[in-house]
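Okay, structure first, notes after.
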Ligand code: ADP
């Protein structure tokens, strides 16, 4: 039974690929307004969990509830987007030949189901929403630059901005700082906290230094299920975690 106010409740979920179980009876909950870091060794099933939450992968067993009453396993990927779950994939989805501003505008219009046209008049409400998101992702000074001219880190932030402008309830991110410079990585950590002022965030991270710096609560996965959960201090003091990471 779902507890009051839970945003996500995954219960006893199994995902099998040709007999190989990527998730093995995984249970996991997320409350609204959380910023949760998901860590664990390679192959633990972290990406598969994100795939289940956005509907890309269907469990072979178990339930996935959203906002208490919605069964996500019965929803198609596009319906899950409509329900307010936004996923950033590794593959880039920006339009290089359009400006930063135009990319944000396109994304904002897609949500309304309009056939997007850049020549349609932009309302002042849309303009101010766009400016607000440009500030948030730190690209206010590059609004009129072509997206293709941005650095790797800036492109990632633009993509995050394009998701956020659609006002999701839950944002799913897989290694948002991958391939970034130190200063971009730092800004990305700060961005996660700014986003979390408004949205629930579930983020897969490999870089443990990044986790130490920016994590509030951490879920450790191992072999397709949750090994332990808690603050970074609690995680580091856990014998099971030490065994998995350090072979102790
Ligand atoms: P993580 O993100 O924690 O590194 P993944 O969720 O990517 O782990 O993968 C978990 C396991 O499931 C891995 O052993 C991986 O090889 C396997 N796996 C993931 N996706 C597929 C797929 N589409 N087909 C077959 N095996 C897969």
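The values are calculated or read from the model by the stated rules, or taken from the named source; none is laboratory data. This one's a predicted model, so the numbers in the text were calculated from it and none came from an experiment. Cβ: placed from backbone, ideal geometry, glycine included. Neighbour counts: every protein chain shown.
Taking the condition under 15 Å from the mean Cα position of the chain (by Cα) and within 26 Å of residue 217 (Cα to Cα), does residue 28 pass? For residue 28, the condition - under 15 Å from the mean Cα position of the chain (by Cα) and within 26 Å of residue 217 (Cα to Cα) - is not met. If the condition is being closer than 21 Å to residue 192 by Cβ and more than 8 Å from the ligand (Cβ to nearest atom), then segment 11-49 contributes 28, 29, 30, 31, 32, 33, 34, 35, 36, 37, 38, 39.
Residue-level check: of (1) in a loop (DSSP other than H, G, I, E, B); (2) within 18 Å of the chain's Cα centre (by Cα); (3) more than 27 Å from residue 244 (Cβ to Cβ), residue 5 misses just (2).
Please work out if residue 226 is within 16 Å of the ligand (Cβ to nearest atom) and in contact (Cβ under 8 Å) with a residue 12 or more places away in the chain. Even if it seems obvious, please write down each step before you answer.
Working: within 16 Å of the ligand (Cβ to nearest atom): yes; in contact (Cβ under 8 Å) with a residue 12 or more places away in the chain: yes.
So residue 226 fits the description; yes.
Scoring residue 218 on the criteria (1) in contact (Cβ under 8 Å) with a residue 60 or more places away in the chain; (2) assigned to a helix (DSSP H, G or I); (3) surrounded by 19 or more Cβ atoms within 10 Å (Cβ to Cβ) leaves a single failure, condition (2). Look through segment 58-100, keep the residues that are buried (at least 19 other Cβ atoms within 10 Å of the Cβ) and within 15 Å of the ligand (Cβ to nearest atom), and return whichever of them is modelled with the highest pLDDT. Checking each candidate, the answer is 59. For segment 169-190, which positions are within 23 Å of residue 29 (Cα to Cα) and in contact with a helix residue (DSSP H, G or I) (Cβ under 8 Å, 6 or more places away or on another chain)? Correct list: 170, 171, 172, 173, 174, 176, 189. Against the list (1) assigned to a helix (DSSP H, G or I); (2) over 24 Å from residue 27 (Cα atoms), the condition residue 211 fails is (2).
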